[in-house]
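Scroll down for the structure; my scribbles are underneath it.
Values in this text are rule-based calculations from the coordinates and carry no lab data. None of these values were measured; they are calculated from a predicted model. All Cβ positions, glycine included, derive from the backbone under ideal geometry; neighbour counts span all protein chains shown.
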DNA sequence: TGCAATGATTCTAT
DNA sequence: ATAGAATCATTGCA
């Protein structure tokens with residue numbers, strides 16, 4: 001009876017429950033806001049994942065595949081141990097039965113033996129579970145760390161972002177709507193736009209000299225655009241050559257004026 | 001292969 | 001919540 005109850009426990013969830021919870025939480029896709037959720041672990045996972053909701057389905061399926069692989073290995077190993085345990089148990093039982101001819105063996109003794117064997121195998125299975133959990137955790141941390149799969153934005157996207165940045169140099173903080181539009185134009189996410197502007201502001205401020213050339217380039221670019229726009233608006237289609245961006249025009253974007261000033265960077269080196 | 005550029009994350013302060 | 005700052009990890013070029 002004891003033997004059966006032990007086996008019953010082994011075949012069921014209890015030790016397995018932790019693992020299942022683990023990869024359930026990993027597979028959770030929606031990752032909605034803070035739910036009433038089961039355990040603290042689930043909540044923590046949700047909070048961690050909330051930071052990087054980027055629907056990169058390719059990476060995700062890759063991740064799922066690896067997770068499935070881990071689980072498969074785990075289950076085959078588990079089955080192997082289970083089988084070995086059973087085989088060994090019957091082997092011992094046979095031995096005991098053989099011995100019972102020469103000496104009396106109480107059922108209690110048999111029970112004790114079986115119990116010992118199962119405890120041993122159980123601890124081995126525990127180790128297996130533990131290492132599997134570790135593998136899953138490593139996989140998870142790798143998946144969540146987007147730095148590992150960073151890709152540079154396309155040149156076109158960078159161009160668009162830079163154009164906005166340098167034409168709003170006095171206040172390079174795009175509104176939510178502006179961010180959305182930029183994201184759409186650049187084929188990136190809104191949070192990527194936010195990241196870009198965060199990085200750009202700090203790096204520009206840190207070393208304006210390094211960005212001076214770039215600033216002039218984009219200033220000239222917007223100047224040309226503005227000039228053309230003004231020209232078009234006025235219907236003043238004279239034979240002006242567009243290659244000479246004039247300065248000091250009335251229709252200028254005001255932010256260009258900040259290019260050579262220290263408005264957006266009172267950098268104090270100390 | 002070393003290094004600067006760059007996108008993303010984490011931490012702190014407001 | 002958000003910006004700034006520091007830092008991490010990868011990319012791409014000389």
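Computed values, structure above
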| quantity | calculated |
| --- | --- |
| Projected label distance in nm at residue A:203 and residue A:180, using a 7 Å step from Cα toward the beta-carbon | 2.8 |
| Cα-Cα P(r), the range A:89-183, percent of pairs per 5 Å interval | 2, 9, 10, 9, 7, 6, 6, 5, 5, 5, 5, 4, 4, 4, 4, 5, 4, 3, 1, 0 |
| Exposure proxy order (Cβ contacts within 10 Å, fewest to most) of A:173, A:164, A:204 | A:173, A:204, A:164 |
| Convex hull of the range A:155-240 built on C-alpha atoms - directionally averaged projected area, nm² | 6.8 |
| Distance histogram in 5 Å bins (all Cα pairs of the range A:77-118, percent per bin) | 6, 23, 27, 21, 11, 7, 3, 1 |
| Ranked list, fewest to most other Cβ atoms within 10 Å of each Cβ, for A:224, A:114 | A:224, A:114 |
